[in-house]
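Undergrad: Just dropping this structure here.
We did not get these values from a lab; they are worked out from the coordinates using the rules stated. Given the structure is predicted, the values throughout are model-derived calculations rather than measurements. No Cβ is skipped: glycine too gets one built from the backbone with ideal geometry, and neighbour counts run over all protein chains shown.
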Amino acid sequence: MAQTAISVMKRYEIKYILSKEQTDYLVEAIKGKLFPDKYGSTTIASLYYDTPDQRLIRESLEKPAFKEKIRLRSYGVATEKSPVYLELKRKAEGIVYKRRVQSTLPKVSGFFEKSEDLQGDGQISKELSYFRNYYETLIPACLIMVERTAYYEANGDLRLTIDRDPRYRTERLELTGEMDGKALLPEGWTILEVKVQGAMPLWLAKVLSDGKIYQSSFSKYGEAYKRELAKSVA
């Protein structure tokens, strides 16, 4: 089966943390060059799975050359029948590789309980099953929610996302309930991600430089884990 750009992605993802003033500046500076996608601002919820001893996030925070994570994503509040997306995300030498399949909550539950495998793209489904079997037991660990606006380049592969109100919780780990959580950043601050298959365009590099917007290492799940760990040892 042919793999599509939606189910298979390979690109660089560069993160930045922006103040409200920097966010306002950036949105104005990219007008005419990048365009908001048709969905506008969308609530994205990502349920991260991990081993009972949280091996995946612990190893990720050690900043290895290779790391991987698995998450279940919904756009808005999910129902038993609405589409959700199981994603396997790997990062090696600065390049992000993402595989995902569309499914439903009951089927994903069966997948993690090992009572069934996912349907869809054969190779991607095999990779997801291998990942699950390798780590033996994977359980919901952290729910991350953001209000995302995505921008795209009309005739190129450049994509830019701005995540407002990033928040998390480590209880009520389901995609079917309220989307409330604990704030990950000060009010008004955002997470910018620049996603591109090759080099960043010079015009965008200048926009970021002029706005004093500098690359930052920030993992939403990692930050949530560190906060909860600090509370547990306080």
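Undergrad: Where in the chain lies the longest segment free of trypsin sites (Lys or Arg not before Pro) that are both loop residues by DSSP (not H, G, I, E, B) and have at most 16 other Cβ atoms within 10 Å?
TA: Answer - 115-171.
Undergrad: Can you list which of the GluC sites (Glu not before Pro) found in segment 1-92 are DSSP loop residues with at most 16 other C-beta atoms within 10 Å?
TA: Filter output for segment 1-92: E62, E80.
Undergrad: Related question: Based on Cβ point charges of +1 for Lys and Arg and -1 for Asp and Glu, what charge dipole magnitude is obtained for segment 8-233 about its Cα centre, in debye rounded to the nearest 20?
TA: Numbers: 39 positive and 33 negative charges, 78 e Å.
It comes to approximately 380 debye.
Undergrad: Taking the Cβ-Cβ separation of S232 and E174 as r and a Förster radius of 30 Å, what is the calculated FRET efficiency to the nearest 0.05? Present the calculation step by step, with values, prior to reporting the outcome.
TA: Working: r = 23 Å, r/R0 = 0.75.
Efficiency, rounded to the nearest 0.05: 0.85.
Undergrad: Which parts of segment 21-40 would a label at A154 reach, counting a residue when its backbone N lies under 18 Å from a point 7 Å out along Cα-to-Cβ?
TA: Only 28-39 pass the distance filter.
Undergrad: Please give the per residue volume of the convex hull enclosing the alpha carbon atoms of the chain, rounded to a whole number of Å³.
TA: Working: hull volume 32.3 nm³, N = 234.
Convex hull of Cα atoms, per residue: 138 Å³.
Undergrad: Another question about this same structure. How many angstrom lie between the Cα centre of segment 12-45 and the Cα centre of segment 84-104?
TA: Value for the Cα centre distance between the two parts: 22 Å.
Undergrad: Report D for segment 11-107 in µm² per second (integer): Stokes-Einstein, Kirkwood Rh on Cα pairs, 10 °C, 1.306 mPa s.
TA: 98 µm²/s
Undergrad: Put +1 on the Cβ of each Lys and Arg and -1 on the Cβ of each Asp and Glu in segment 8-233; which of G188, L61, S109 then has its Cα farthest toward the positive end of the dipole?
TA: Going by the Cα projections, it comes out as L61.
Undergrad: What length, rounded to one decimal in nm, is gained on full extension from E127 through to V77, with 0.36 nm per residue of separation minus their alpha-carbon distance?
TA: Here the answer is 15.3 nm.
Undergrad: Follow-up. Treating only the Cβ atoms of Lys and Arg (+1) and Asp and Glu (-1) as charged, compute the dipole magnitude of segment 129-234 about its Cα centre; round to the nearest 20 debye. It would help to have the intermediate numbers written out before the result.
TA: Values: 15 positive and 15 negative charges, 49 e Å.
My answer is approximately 240 debye.
Undergrad: Among the GluC sites (Glu not before Pro) within segment 112-205, which fall in a DSSP loop and have no more than 10 other Cβ atoms within 10 Å of their own Cβ?
TA: Those that pass, being in a loop and sparsely packed, are E113, E136, E171, E178, E187.
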